[in-house]
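Shown next, in structure tokens, is the structure this report addresses.
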Amino acid sequence: RMRHPRRRARRWSRHLMVLWRREGFAEDEWAFLADDASAREGDAIVVSLKRWLDERETLKSRNAPVGVAVEAGADAQAHLPELAGRPLIALAFAKFADGRAFSYARLLRDRYGFRGDLRAIGDVLIDEIPLMLRCGFDSFDVTNAPTLKALEAHHMPGSPLHYQPGSGGDEAPAGVRPWRTISVGR
């Protein structure tokens, strides 16, 4: 039985987070920084959208990768096109009922051509992970104990068949989906 690797708590969080990918648990090379924290040279870092907007020129000149953590909000969507060139974007799920990060993920993948690591952070629940994968998420910072237990047991809920195309890259080719119709004029 595969167990998740132990990770040190990050400075900005009180919880121990575990990184999970489609292939299983993984080590995380990214360090999430608080807005007032300084980065060590050479570390791959993730900063808040606020810090990115305030310090983008300095952050762009770093010799190490810089990702951006985005919390859903009034101005977050307006900055998605600019962020599409980052190597990692972490979209926050503040609570179960807030689905804006799903929409941001689809916009980043489908409209803005984001090809980097799309990470779900915050309230990541096992029932949502299959939907997050279809929206294009690659990695998940998991703090929820029941979700960790289900992932350790290799339990993934969900249906293998979908009527709508996803952004996750694991869809059946368009020609083998007989239920999908193409609009007239295309």
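Less than 25 Å apart at the alpha-carbon level, and either on another chain or at least 8 residues along: which lysines does that give for Lys50?
Excluding near neighbours in sequence, the set is Lys60, Lys95.
Spelling out what I want: for every residue of region 85-92, take phi, set θ = phi - 60°, compute 6.51 cos²θ - 1.76 cosθ + 1.60 (Karplus), and round to whole Hz; glycine and proline get x.
For region 85-92, the Karplus curve yields x, 6, x, 8, 10, 9, 9, 8 Hz.
Check Val70: other-chain or 5+ apart residues with amide H under 5 Å from its amide H, H built from backbone geometry?
Ala90, Leu91, Ala92
How large is ³J(HN,Hα) for each residue in region 111-116, as worked out from phi by the Karplus curve 6.51 cos²θ - 1.76 cosθ + 1.60 (θ = phi - 60°), to whole Hz, x for Gly and Pro?
Ordered by residue, 3J(HN,Hα) equals 9, 9, x, 5, 10, x Hz.
Per the Kirkwood definition applied to all pairs of different Cα atoms, how many angstroms is the hydrodynamic radius of region 18-176?
Numbers: mean 1/r = 0.0610 Å⁻¹.
Averaging 1/r across every pair of different Cα atoms and inverting gives 16.4 Å.
For region 118-126, just list the computed ³J(HN,Hα) in residue order, Karplus coefficients 6.51, -1.76 and 1.60, θ = phi - 60°, integers in Hz, with x standing in for Gly and Pro.
Rounded to whole hertz, the list is 9, 10, 9, 10, x, 7, 8, 10, 4.
Read-outs throughout are calculated quantities, based only on the coordinates presented, and are distinct from any laboratory measurement. Worth saying up front: this structure is predicted, and the values here are computed from it rather than measured.
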